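Here is the structure we will look at.
Every number here is computed from the coordinates shown, using simple stated rules; none is lab data. Only a predicted model underlies this, so the values are computations on that prediction, with no experimental measurement involved. Counting neighbours? That spans all protein chains shown, and the Cβs are built from the backbone with ideal geometry, glycine included.
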Amino acid sequence: MRVSVIIPTYKRAWALPYVLDSLSKQSIKPDEVVIILKPSGDNSENIIKKFQEVLNIKMVLQSGGYSSAAYALGIKVARGDLLLFLDDDAIAHPDWVKNYINLFNELADAGAIGGFEYKAYMINGVPHLTREPLYHDDIAKKHITERH
């Protein structure tokens, strides 16, 4: 199974080294990393080029539109059998690709699978992962109950 990771990015040169480093350290590396770059002049292109030595990166320039257009463009150019989407400010667990391959092999009739997001904190320039959910159900519940 060929795996493509799609990452839309805009003005995130500060975050790209973390997400790309996490992909370079996967227990099973993706076959390709498709980065949809909306140019912003923040040096993102140079950071992406540095990681082309360790990852098979396909950089595609986005000339207009918003994130939905970036995702559509990524889907169009990706060549994988399995398409994984990752935010440009995320850090993938070392078994992230492997876990999704295993999940799709187990659930052969699945068309899509969602994942969990956990907070990470930067301490002295080093990301520290937590098991703390990025979004809490109580926020949605509070909003719903306040409106009724």
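Lys and Arg at +1, Asp and Glu at -1: add these up for the other residues within a Cβ distance under 12 Å of R2 and post the number. After counting each charged neighbour, the total is -1.
Among H128, H93, the order by Cβ neighbours within 10 angstrom, fewest to most, reads H128, H93. For the chain, a simple Cβ point-charge model (Lys and Arg +1, Asp and Glu -1, everything else neutral) yields a dipole of about 280 debye relative to the Cα centre.
Computed on segment 3-114, with alpha-carbon pairs under 8 angstrom and 6+ residues apart, the relative contact order is 42 percent. Near E32, once Lys and Arg are set to +1 and Asp and Glu to -1 for all other residues with Cβ below 14 Å from its Cβ, the sum equals +3. How do I35, I91 rank when sorted from fewest to most other Cβ atoms within 10 Å of their own Cβ? The fewest-first ordering by Cβ neighbours comes to I91, I35. The calculated Kirkwood hydrodynamic radius for the chain is 16.6 Å, given to one decimal from all distinct C-alpha pairs. Sorting T130, T9 by the number of Cβ atoms found within 10 Å of their own Cβ, with the fewest placed first, yields T130, T9.
So for segment 3-114, taking the charge dipole from beta-carbon charges (+1 Lys/Arg, -1 Asp/Glu), which of H93, N105, L61 sits furthest toward the positive end? Projecting each Cα onto the dipole axis, the largest value belongs to L61. Just checking the listed ones, L82, L16, L129: in the Gaussian network model of the chain with Cα springs under 10 Å, the one fluctuating most is L129.
Just checking the listed ones, F104, F51, F85: in the Gaussian network model of the chain with Cα springs under 10 Å, the one fluctuating most is F104.
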